[in-house]
Amino acid sequence: MGDPMELDFSPTRGMKRKAEDSTSILERQPKMQQPAGGEMLKSTWNSDAESSSFRKFAQKSSSLPFGQPIDYSSINGPTYLTAQTLIQQVAYALSDKIFSYSTESFDLDVAVQDWSASNTPNSHGYITRVVPMQTRSGAGSIALGYMFSKDYDLAKRYIPQSVLASSSSLHTLRAALDQLSLLYSIANPFVAHVAAVDYAPGSSRGLVTDYASALTMAEELGLGLVASSSAYEVQHMSLFSTILATVLPTIHIYDGVNVGRDTLRVVDVLNQRGLNTAYTNVLKELSKLSKRSDAETKAAHLLNAFNNELGTAYNLFEYRGHNSPEVVLVVFGSVESSLAGQVAEKLSVEGNKVGVVNVRVYRPFVEEEFLKALPASVRHIGVLGQVLDPTTVADKSAHSSLFEDVLAATVFADRWATPPSVVDLKYSRGETFTPTSMATILHELVGKVPEDGERFVLLDTSHIKQFTFWDVEDSAASTAPSAIGKLLSGDSASNVTISQTHDNFIQGGTVRIDIRNSKKSVEAYYPIEESDIAFVGEEKLLKEIAILKSIKNGGKLIVKLPGVKDEDLEKKLPASVRNEIKFKGIQLFLLDPTLTPAVEKDPAVETLVTELAFIQLTRPELFLSGMKKLASINANVDLLNDAAADFDNVLRQVEIPEAWAEVDVEAQVPDLPRTITPSSFTGFEKEETAPPSLLRNWESAAKGLVFKEAYGTKTSLRPDLSVKTFEVTVKENRRLTPLTYDRNIFHIEFDLGNSGLTYNIGEALGIHAENDVNEVIEFMEFYGLNPDEIVEVPSREDPNVLDTRTVFQSLVQNIDIFGKPPKRFYEALAEFASDENEKKELLTLGGPEGANEFKRRAEVDTITFADILLEFKSAHPSFHEIARIVSPMKRREYSIASSQMVNPTTVALMIVVVSWVDPKGRDRFGQATKYLSKLPIGAKVTTSVKPSVMKLPAKDTAPLIMAGLGTGLAPFRAFVQYRAMQKAQGKEIGSILLYMGSRHQREEYLYGEEWEAYQDAGVITLLGRAFSRDQPQKIYIQDRMRQTISDIIKAYIKEEGAFYLCGPTWPVPDVTEVLEEAIARDAKGTGKKIDPRKEIERLKEDLRYVLEVY
């Protein structure tokens, strides 16, 4: 393996480079050595064109070092970089063109885009053109067409073509890569640098690390596949992959969630000239081989020549661990190889005979080299092989691609009298690894069972300072960690790594930033587990995340709590947090930025206050002496001095009372996650500026219809919608509850006709409802609108394309004119009020002082947009302004109550009409449910299909345990229909336990006759009916489940069934408690030690505990 850096527990990997002067950057004048690129990375955001009084250290992309752009020429020698920046540098330097398939927010090409726009020449002497591409079917055709076009400059045939993509794009590139493989003898060298990252809606993580797609594609299409183990070697592997591409089309893959985006210092960085020299010299060695040599021979020869050129020691397969191991784990992937190797080395030092083989080059798979890497003493081999999803993990007949190669290589080898056993340790894309989980895998292979709760510590934290920042996305201090990281990086005697995680599902967007600071370089691609200091910028996060679990004993906690006095602190901190602060001896500090006058003048100065608080606690002696350095990053000295004024009040330590050690034994301690899970690389766009609509006359629309080619006109069912829509016809619409009953629950069925609509079991049907025509006409008359005027609105998908319709159509189909207005509508409407009193009232309703009146209007009077427009007569915006400030109508989604396998031409829904009476005695209805309930037979409806987590198990014999409340029974009707069809076909099906809940059997026994018929036919095994108000004591769905808990144990645990709950959220804790009781009772009966809560979490991952609640 190469030796880019020195790593803890990895002395063979390092190339230690000590600075001549170990004095901190903050303690001396700026004459010291600086990383390449200068003291400040040149940035297009640190400019004076900001509304704030100081220059912010703003972040353009988390894929860039410190979030800021870097000059191409400064990438050389010791430099702070990200792996993605280094990959882009190699691609830019050596490529003719770069084809980029970067999903929005992934930013896989942000650096090359900047370099190309700056007219930076590549190693061939001209500008590398970057071609952004869309990730869709046929996505690779343009790249393929470019290489084989008739007018292509054949003099460039030897120059590589590069692709920047994520693994989510690979399936759309498959066809082009397949053709390229067949024509490769006459093609350019082709390398795809692939970030192993994809969105996985069904996973507990929004973002997953996906190697499985690349492993499968490389095997099936005969592509080369090279993996980077860390950011320290990613430049070398990008270069080697480009060289290997002269032999066969090659994929270079790396972890795109963590490794690719961490900012860290890489010592031995090659500049463009160095890259070109290495590329040219290594290829000369290839010419010495026979042209008839196979790809395996060429790959091994090229890697040997690569090592000779750069002085590295990389191998196709690399072993780390005990000298005579009995157990070896084979791994592929960045975090997997980095973490497994470090864990194995530490375990081997402790006397465990374990080791790890990292597969650096998976394709071509050179069996001889693999066997050479395996120590002769090995008796058992575990293969950590990634597969697509938990279903494949559970399928015992399915194997990982890596396992099949390892098995074939060892079984047919004559190296052992008895070949070692090989076991497939499959894991899904959504699984993540920590030192503890990796150590557990190795321990279990050896036959040791680690104790519950025992944590495996990999890093020597006595030599590393670790800091964690938790904050909401739109915090005023959100840029502080990046500025602090930049400040610390100025010390050439230390190494800083910065890792950032975004979770957009907690508090509307939460970010965690980890900073590690040490003398040695650190390779740690997992969250900090023992931080010295944790900063919490939003105290509500303490109630949703177990933040204190990752603070070391005696560590420091800074909580931003503006305006909170010590005596009110207990009201802000949960009891569990107070207990843990006391038990762990954590020092608590409160930060109140409002106490400094500088923040009163400019709220944005809060980020400087946060930075100063951090310095005060980490290096108090530098609080003043480091001011100049900090000022050069994102402020000025005068402003920092203002922010530092009276800092003892701004940041104060809290004396922890003895009462915080008192534990309420009856209080339920919340089981909170230790960290957040990555769902994106950036926050949500909180506000979207809608482009204005344009009023036109009928002639402009006519021109588009007559001259379609000239205007690019296309007719569409609903051109304003970004989803694919289908027009279906109402076939049946019948009420399921009596007319005298206060709840109108109805069954509606649609004929699909020739619409082309298809759906899977468990999916939802999106209904694009329409406003009541009579109400729309009435509003237009009152407001003075011409219903036939043409309106053109920029498309949601492409603002250069105009969607054309009439004012009447827009109000019926698009504008939610009878919806509930938010506060910002009152504020926006105030701009149009000519009457000062009305303007003042609108502004009050849109501001904090009008909160109570706004709440009454919204929740009691249920005022609509139309009501307000008619109430405030002086505020009379034009129609295109109405289209801008009134929310668009949203589709409403309903679980499908039918199976298309059973009913191929229809789709059914079960819906309850949302209705209430307002204080004025007016009947009010939910817009979509009222619209659907009144549809006559033959009416046309615009629909779309939405995927769902409600999916049947892969095995037909797996039992189903289903709990549905009210209309939550809808998807289970589809489940039962499908299983009934299978049974009628003679197939074996699993048992079905159906629990249903409603208020009264007489009025709400929804589909009751169907359920009983299915039970009589032997399709439904158990029917648990809970009608809560049919007897003096209320009986709920969880009560029926508890009464039949033995049936649940048999179906759910013994027979490995799947549990589903659909309906309102309120029964979730009670129903889950019954399942935990079943797990505990079964574990006790079998003598197993199982934590029911953890088992439920495991079942969630395996898609055997599925909730669809609202």
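The values are calculated or read from the model by the stated rules, or taken from the named source; none is laboratory data. Note that the coordinates shown come from a computational prediction; the quantities given were computed from them, not determined experimentally. With ideal geometry, Cβ positions are generated from the backbone for all residues, glycine too; neighbour counts draw on all protein chains shown. For the accessible areas, the whole protein counts, side chains as well, though only heavy atoms, and no ligand, DNA or RNA atoms are used. Shrake-Rupley method; radii C 1.70, N 1.55, O 1.52, S 1.80 Å.
Residue pairs, Cβ under 8 Å, 6 or more apart or interchain, first in the range 1074-1097 and free of Cβ contacts under 8 Å to residues at least 60 places away in the same chain, second open to solvent by 70 Å² or more (accessible area, probe 1.4 Å) and assigned to a helix (DSSP H, G or I). List them.
That search, which allows pairs on different chains as well, returns VAL1074/ARG1042; GLU1076/ARG1093; GLU1077/ARG1042; ASP1082/LYS1054.
Could you say whether any residue in the range 288-297 is assigned to a helix (DSSP H, G or I) and either in contact (Cβ under 8 Å) with a residue 12 or more places away in the chain or in contact with a helix residue (DSSP H, G or I) (Cβ under 9 Å, 6 or more places away or on another chain) (or both)?
Yes; the residues of the range 288-297 include at least one that is assigned to a helix (DSSP H, G or I) and either in contact (Cβ under 8 Å) with a residue 12 or more places away in the chain or in contact with a helix residue (DSSP H, G or I) (Cβ under 9 Å, 6 or more places away or on another chain) (or both).
Which one of the conditions (1) open to solvent by 10 Å² or more (accessible area, probe 1.4 Å); (2) within 23 Å of SER73 (Cβ to Cβ) does ALA278 fail to meet, given that it meets all the rest?
(1)
Within the range 295-309, can you find the residues that are closer than 29 Å to LEU329 by Cβ and open to solvent by 50 Å² or more (accessible area, probe 1.4 Å)?
GLU296, THR297, HIS301, ASN304, listed by residue number.
Would you confirm, using the coordinates I've provided, whether ARG824 is modelled with pLDDT under 85 and either within 30 Å of LEU969 (Cα to Cα) or of a type in the set (D, E, K, R) (or both)?
The answer is no for ARG824.
Need the failing condition index for TRP470 against (1) open to solvent by less than 60 Å² (accessible area, probe 1.4 Å); (2) assigned to a strand (DSSP E or B); (3) outside the structural domain of ASN517 (by the TED database), just the number.
Here TRP470 clears every test but (3).
Tell me which of these THR479 doesn't satisfy, since it passes every other one: (1) buried (at least 20 other Cβ atoms within 10 Å of the Cβ); (2) touching a helix residue (DSSP H, G or I) at 6+ places or on another chain (Cβ under 9 Å); (3) modelled with pLDDT of 85 or more.
Exception for THR479: condition (3).
Looking at (1) within 19 Å of ALA295 (Cα to Cα); (2) open to solvent by less than 10 Å² (accessible area, probe 1.4 Å); (3) modelled with pLDDT under 95; (4) among the hydroxyl-bearing types (Ser, Thr, Tyr), can you tell me which one SER229 breaks?
(1)
Would it be correct to say that THR297 is assigned by the TED database to the domain that holds ALA231 and of a type in the set (Val, Ile, Thr)?
Yes: the conditions hold for THR297.
Scan the range 135-153 residue by residue and report those that are of a type in the set (S, T, N, Q) and touching a strand residue (DSSP E or B) at 6+ places or on another chain (Cβ under 8 Å).
THR135
For the range 325-353, enumerate the residues that are of a type in the set (A, V, I, L, M, F, W, C) and under 15 Å from VAL383 (Cβ atoms).
Within the range 325-353, VAL327, VAL328, LEU329, VAL330, VAL331, PHE332, ALA340, ALA344 qualify.
Tell me which helices (runs of 4 or more DSSP H) are completely within the range 817-912 and hold 2 or more residues being among the polar types (S, T, N, Q) and out of contact with any strand residue (DSSP E or B) (no Cβ under 8 Å at 6 or more places or on another chain), or say none if there are none.
836-846
List pairs: first in the range 186-197 and outside any strand (DSSP E or B), second of a type in the set (Val, Ile, Thr), Cβ under 6 Å, 6+ apart or cross-chain?
Pairs found: PRO189/THR246; VAL197/VAL257.
Does ASP1039 meet the test of being open to solvent by 10 Å² or more (accessible area, probe 1.4 Å), out of contact with any strand residue (DSSP E or B) (no Cβ under 9 Å at 6 or more places or on another chain) and either modelled with pLDDT under 95 or outside the structural domain of ARG979 (by the TED database) (or both)?
No; evaluated as a whole, the condition is false for this residue.
Going through the range 385-404 one residue at a time, which ones are out of contact with any helix residue (DSSP H, G or I) (no Cβ under 6 Å at 6 or more places or on another chain), within 20 Å of SER334 (Cα to Cα) and either without any contact (Cβ under 8 Å) to a residue 60 or more places away in the chain or among the hydroxyl-bearing types (Ser, Thr, Tyr) (or both)?
Within the range 385-404, SER400, PHE403 qualify.
Scan the range 793-821 for residues that are touching a helix residue (DSSP H, G or I) at 6+ places or on another chain (Cβ under 9 Å), modelled with pLDDT under 85 and aliphatic (A, V, I, L, M) and jot them down.
VAL793, LEU802
Listed residues GLU988, GLU1095, GLU1056; which is surrounded by 14 or more Cβ atoms within 10 Å (Cβ to Cβ), modelled with pLDDT of 90 or more and either within 28 Å of MET901 (Cα to Cα) or among the polar types (S, T, N, Q) (or both)?
Going through GLU988, GLU1095, GLU1056 in turn, the sole match is GLU1056.
Taking helices (runs of 4 or more DSSP H) that do not extend beyond the range 81-153, which have at least 1 residues that are within 28 Å of GLU233 (Cβ to Cβ), in contact (Cβ under 8 Å) with a residue 40 or more places away in the chain and open to solvent by 20 Å² or more (accessible area, probe 1.4 Å)?
Here the list reads 110-117.
Select from the range 736-774 the residues that are open to solvent by 70 Å² or more (accessible area, probe 1.4 Å) and touching a residue at least 12 places away in the same chain (Cβ under 8 Å) and write down the one among them that is farthest from the chain's Cα centre (by Cα).
Across the range 736-774, the extreme among qualifying residues is ARG743.
Could you check SER166 against (1) out of contact with any helix residue (DSSP H, G or I) (no Cβ under 6 Å at 6 or more places or on another chain); (2) open to solvent by 10 Å² or more (accessible area, probe 1.4 Å) and say which number it fails?
Of (1) out of contact with any helix residue (DSSP H, G or I) (no Cβ under 6 Å at 6 or more places or on another chain); (2) open to solvent by 10 Å² or more (accessible area, probe 1.4 Å), only one is false for SER166: (2).
Tell me which of these VAL327 doesn't satisfy, since it passes every other one: (1) β-branched (Val, Ile, Thr); (2) over 30 Å from LYS1100 (Cβ atoms); (3) open to solvent by 10 Å² or more (accessible area, probe 1.4 Å).
(3)
Restricting to the range 347-358, give me the number of residues that are under 21 Å from ALA231 (Cβ atoms) and modelled with pLDDT under 95.
0
With the range 706-792 as the region, which strands (runs of 3 or more DSSP E) entirely inside it contain at least 2 residues that are modelled with pLDDT of 90 or more and either out of contact with any Phe, Trp or Tyr (no Cβ under 8 Å at 6 or more places or on another chain) or more than 21 Å from PRO947 (Cα to Cα) (or both)?
Strands (runs of 3 or more DSSP E) meeting the threshold: 726-735, 745-751.
Would you pick out the residues in the range 543-586 that are loosely packed, with under 14 Cβ neighbours inside 10 Å and touching a residue at least 40 places away in the same chain (Cβ under 8 Å)?
Residues satisfying the conditions are ASP566, PHE583.
I'd like to know if the range 681-698 contains one or more residues that are assigned to a helix (DSSP H, G or I) and modelled with pLDDT under 85.
Within the range 681-698, one or more residues are assigned to a helix (DSSP H, G or I) and modelled with pLDDT under 85.
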